[in-house]
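Below you'll find the structure, written out as structure tokens, and then a few comments.
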Amino acid sequence: MRYDPLPTDLVRAWRAGGPDANGQAPKRATSDGDGVPCRHCLRDVPQGRDYLILAHRPFGAPQPYAEVGPIFVCAEDCAAWEGDGVPPVLTTSPDYLIKGYSADERIAYGTGAVVAAAGIDAAIAARFDDPRVAFVDVRSARNNCFQTRVRRPTNAA
Ligand SMILES: [Zn+2]
């Protein structure tokens, strides 16, 4: 599976003080290195490095299923994740909440589950057996924070 980082242009706009989903400037904090996942490089922000806290709506437009919630990104430039397979940021918790969505950004009911980190790639792949599912969002199992998105592979059914 390919895990999408947030778009670099969007992250750069926040770093320049641009508004978040609530119309507010991002807050700045210093990482303690423990559980501060950046949604751009998809790694934990290292201890002692600054990061931004902001509200993000990872959907195209406001609608009932378009949840807004808190996320972190590195305050300094970082390289967008582009690797294959599970990014480092999805190996720091024992489990994650995954949810399938339709192409019009509605929850595909029945696809949501809390799954073990060790099996997350297979669990996401299985969601694409359901023809309704256009993408799968990964969120924190305990705080519901958006982590990353996997789009339907082009070679999948
Ligand atoms: Zn980063």
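The values are calculated or read from the model by the stated rules, or taken from the named source; none is laboratory data. Every value quoted in this text rests on a predicted model; they were computed, and no experiment measured them. Ideal geometry is used to build each Cβ from the backbone, glycine not excepted, and the neighbour counts take in all protein chains shown.
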Item to check | From D50, D84, D121, residue being within 14 Å of P5 (Cα to Cα) and either out of contact with any Pro (no Cβ under 6 Å at 6 or more places or on another chain) or outside the structural domain of G23 (by TED's automatic domain parsing) (or both) | outcome: D84
Checklist entry - In the set D50, D95, which member is at pLDDT 95 or above, more than 12 Å from the ligand (Cβ to nearest atom) and touching a strand residue (DSSP E or B) at 6+ places or on another chain (Cβ under 6 Å)? => result D95
Item to check | Those strands (runs of 3 or more DSSP E) lying entirely in the range 1-79 with at least 2 residues touching a Ser or Thr at 6+ places or on another chain (Cβ under 8 Å) and not polar (S, T, N, Q) | outcome: 50-56
Checklist outcome for this item: In the set V133, V150, the lone residue that is within 19 Å of P7 (Cα to Cα), crowded, with 16+ Cβ neighbours inside 10 Å and at pLDDT 95 or above is V150
Checklist entry - Taking interchain pairs and intrachain pairs at least six residues apart, which have beta carbon atoms under 7 angstrom, with the first residue in the range 31-55 and over 28 Å from A66 (Cα atoms) and the second modelled with pLDDT under 95 and more than 9 Å from the ligand (Cβ to nearest atom)? => result P46/G33; Q47/G33
Checklist entry - Does D44 count as within 13 Å of the ligand (Cβ to nearest atom), more than 12 Å from the chain's Cα centre (by Cα) and closer than 17 Å to F146 by Cβ? => result yes
Checklist entry - Any residue in the range 101-110 that is away from the ligand (no atom under 14 Å from the Cβ) and on the phi > 0 side of the Ramachandran plot? => result yes
